[in-house]
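Bear in mind that the values in this text are calculations on the coordinates, not laboratory data. Being a predicted model, the structure only gives us computed values, none of them experimental. As a convention, Cβ positions derive from the backbone with ideal geometry for all residues, glycine included, and neighbour counts pool all protein chains shown.
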Amino acid sequence: MKSPKEKYMNDPEYHQLVDMLESFIDRARFTPSELREAAVLASINYEMRHVRDFVIDPRTNEAFRILDDFASRRKR
């Protein structure tokens, strides 16, 4: 895995993204904390729009049901 500095030096799109974010800081448009918050929010928004369907194996589902039944039992 490349470090952020290595990606900056070798990936033109990543380089452009970093430069753009830095320009927002230079122009006092956003603080570094606001940029971090915005990046996290963008990731969350993306994930919420791209929900993945997945199917739980019936055996796994049954195992969860058994565990839930066991954990939900009243102590005697």
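Key figures
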{"read-out": "Stretchable slack from R49 to E13, in nm (0.36 nm times residue separation minus alpha-carbon distance)", "value": "10.6 nm"}
{"read-out": "Under the Karplus curve 6.51 cos²θ - 1.76 cosθ + 1.60, θ = phi - 60°, whole-Hz ³J(HN,Hα) for the range 60-70, x wherever Gly or Pro sits", "value": "5, 4, 5, 5, 4, 5, 4, 5, 5, 4, 5"}
{"read-out": "Cα centre as origin, Lys/Arg/Asp/Glu Cβ charges: the chain dipole, Debye", "value": "680 debye"}
{"read-out": "Integer Hz, Karplus 6.51/-1.76/1.60 couplings in order for the range 12-28, x for Gly and Pro", "value": "x, 5, 5, 4, 5, 4, 4, 4, 5, 4, 4, 5, 4, 5, 4, 8, 6"}
{"read-out": "Estimated inter-spin distance, K2 and T60, nm [label 7 Å along Cα→Cβ]", "value": "3.3 nm"}
{"read-out": "Distance in nm between pseudo-label sites at V40 and R27 (7 Å out along the Cβ direction from Cα)", "value": "2.5 nm"}
{"read-out": "Within-14-Å neighbourhood charge of E22 [Cβ basis; K, R +1; D, E -1]", "value": "+1"}
{"read-out": "Under Karplus coefficients 6.51, -1.76 and 1.60, residue-wise ³J(HN,Hα) of the range 31-42 in Hz, glycine/proline x", "value": "8, x, 5, 5, 5, 4, 4, 5, 5, 5, 4, 4"}
